[in-house]
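Step one of this worksheet: look at the structure below.
The values are calculated or read from the model by the stated rules, or taken from the named source; none is laboratory data. Quick caveat, the model's predicted, so the values are computed rather than measured. No Cβ is skipped: glycine too gets one built from the backbone with ideal geometry, and neighbour counts run over all protein chains shown.
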């Protein structure tokens, strides 16, 4: 027995997701970043994926996205290591609780920051607006370290401590 789904019913099973990618430490949009939505399924072979690039204003819009749980990955590129929003990516998290990875890409001659957010929920009963912040929660602490040379900077709320000399050597 086959079931045909009318275009109207099909439209009710999907929704749109839009917003912008930005960095809260500078309040600047991230243009040309790549966003990948991957359905979270037991069988990865059955998972659908959707991808898009942000515009010059950092905005994006997915359409016809099925409801469900997704892993969102946001890729952005930076020529200078110090321009990467999460310069110290070890155990770094964004405000969205995204896990951060930084890689050097020889082909693009740039640093690539990857922010991954698991368990992102998309519902069909409404269009979803979501801005993604690629700045680390610890970025403000690192900027504070730059203004206090050769001092140990204690992180807020008992988080780990950074030493400026170690941080500078790591970034070069």
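Here is a check on your reading of the model: is residue 26 at pLDDT 95 or above, outside any strand (DSSP E or B) and within 24 Å of residue 136 (Cα to Cα)? No; evaluated as a whole, the condition is false for this residue.
So that you can scan it fast, the table gives a plain yes or no per residue for (1) modelled with pLDDT of 90 or more; (2) assigned to a loop (DSSP other than H, G, I, E, B); (3) surrounded by 12 or more Cβ atoms within 10 Å (Cβ to Cβ):
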site	(1), (2), (3)
101	no, no, yes
104	no, no, no
107	no, yes, no
112	yes, no, yes
115	yes, no, yes
124	no, yes, yes
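Looking at (1) under 11 Å from the mean Cα position of the chain (by Cα); (2) outside any strand (DSSP E or B), which is the one condition that is false for residue 76? Here residue 76 meets the rest and fails (2).
Residue 53 meets the conditions (1) surrounded by fewer than 16 Cβ atoms within 10 Å (Cβ to Cβ); (2) on the phi > 0 side of the Ramachandran plot in every case but one. The failed one is (2). Quick one: would you say residue 102 is within 16 Å of the chain's Cα centre (by Cα) and in the same structural domain as residue 22 (by TED's automatic domain parsing)? Yes, satisfied.
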